[in-house]
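K.L.:
What follows is a structure written as structure tokens; I'll ask about it next.
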Amino acid sequence: MKKQIKQINVDEIYEDLKEKLVGLTYKPGEHLSTETLIKHYEATEEAVGEALNRLIRDGFIVWTKTGARVVTWEANDVEEIQELSLILDRLVLEDIFELDDRSILLKELGIISDRFMKADSSDDQVRWAELFSKALYRSIGSQRLLRMASTIKSQQAMLRNILLKQNNHVPQLEEHRQIVAGIEKNDFQQTLQGLESAYALKTQAILKQI
């Protein structure tokens, strides 16, 4: 009997391409050949086309006269992405300060901060910083905010990886400690100040590179 080969679906192509875009396997400005992607994924033209259309809607690629191309970033794009992400993070913090019990969250943040401090490479530091942010979002259990944040956080991760590749900039532990301390002391302003400080430093670092 001839073995049946499972055909990859649109969601799988989309998720794989998104991961590669965020991780800079495909660089900003790089052309994406539809024919090459069809062969790579062993997929139909329709499936690849739909995955690319989703990535266009998400702001990762654009259509040009020569086909799909990875988006390049201007200063106003960076500022907009960072501003929107900060707004969403602030909403998350407001919800966290409404929680009656933050002990589980604080324990998780403490573990992540410790792993961040002991990380051997900048890549690992970035990964732990990303997990720190995800822990904050998970703690409030808001699917609405998670959905809203999904695309903008992926774009932010793409920007962060560009910065990391260019000058080895990594997140600073001090801002994370300030956020944790603010949550522990029930001091929203201290927590917000740590968050805003981290955003300001990162935004300025990215803007210097474009």
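The values are calculated or read from the model by the stated rules, or taken from the named source; none is laboratory data. Keep in mind that what you see is a predicted model, and the values were worked out from it rather than measured. No Cβ is skipped: glycine too gets one built from the backbone with ideal geometry, and neighbour counts run over all protein chains shown.
K.L.:
Can you spot a residue in segment 23-41 that is outside any loop (DSSP other than H, G, I, E, B), at pLDDT below 95, within 22 Å of ALA149 (Cα to Cα) and among the hydrophobic types (A, V, I, L, M, F, W, C)?
P.N.:
no
K.L.:
Pairs under 8 Å by beta carbon, first residue touching a residue at least 12 places away in the same chain (Cβ under 8 Å) and more than 19 Å from LEU159 (Cβ to Cβ) in segment 114-130, partner loosely packed, with under 12 Cβ neighbours inside 10 Å and not acidic (Asp, Glu), six or more apart or different chains?
P.N.:
Short answer, once both residue conditions are applied: none.
K.L.:
With the condition kept exactly as written, say whether any residue in segment 162-171 is surrounded by fewer than 16 Cβ atoms within 10 Å (Cβ to Cβ) and in contact with a Ser or Thr (Cβ under 6 Å, 6 or more places away or on another chain).
P.N.:
yes
K.L.:
Can you report the number of residues in segment 95-133 which are among the acidic types (Asp, Glu), surrounded by 13 or more Cβ atoms within 10 Å (Cβ to Cβ) and modelled with pLDDT of 85 or more?
P.N.:
Residues meeting the conditions: 2.
K.L.:
Would you call ALA75 within 24 Å of ALA149 (Cα to Cα) and either in contact with a helix residue (DSSP H, G or I) (Cβ under 6 Å, 6 or more places away or on another chain) or not hydroxyl-bearing (Ser, Thr, Tyr) (or both)?
P.N.:
When the stated conditions are applied, ALA75 passes them.
K.L.:
Can you give me the number of residues within segment 61-78 that are in contact with a strand residue (DSSP E or B) (Cβ under 7 Å, 6 or more places away or on another chain) and closer than 14 Å to SER154 by Cβ?
P.N.:
The total comes to 3.
K.L.:
Answer with yes or no whether GLU196 is acidic (Asp, Glu) and free of Cβ contacts under 8 Å to residues at least 40 places away in the same chain.
P.N.:
For GLU196, the condition - acidic (Asp, Glu) and free of Cβ contacts under 8 Å to residues at least 40 places away in the same chain - is not met.
K.L.:
Given the structure, is ILE104 assigned by TED's automatic domain parsing to the domain that holds LEU195, farther than 27 Å from PHE60 by Cα and either in a helix (DSSP H, G or I) or out of contact with any strand residue (DSSP E or B) (no Cβ under 7 Å at 6 or more places or on another chain) (or both)?
P.N.:
So ILE104 passes the test.
K.L.:
Filter segment 60-91 down to residues that are among the hydroxyl-bearing types (Ser, Thr, Tyr) and surrounded by fewer than 17 Cβ atoms within 10 Å (Cβ to Cβ) and give me whichever is modelled with the lowest pLDDT.
P.N.:
So, considering only residues that are among the hydroxyl-bearing types (Ser, Thr, Tyr) and surrounded by fewer than 17 Cβ atoms within 10 Å (Cβ to Cβ), the one modelled with the lowest pLDDT is THR66.
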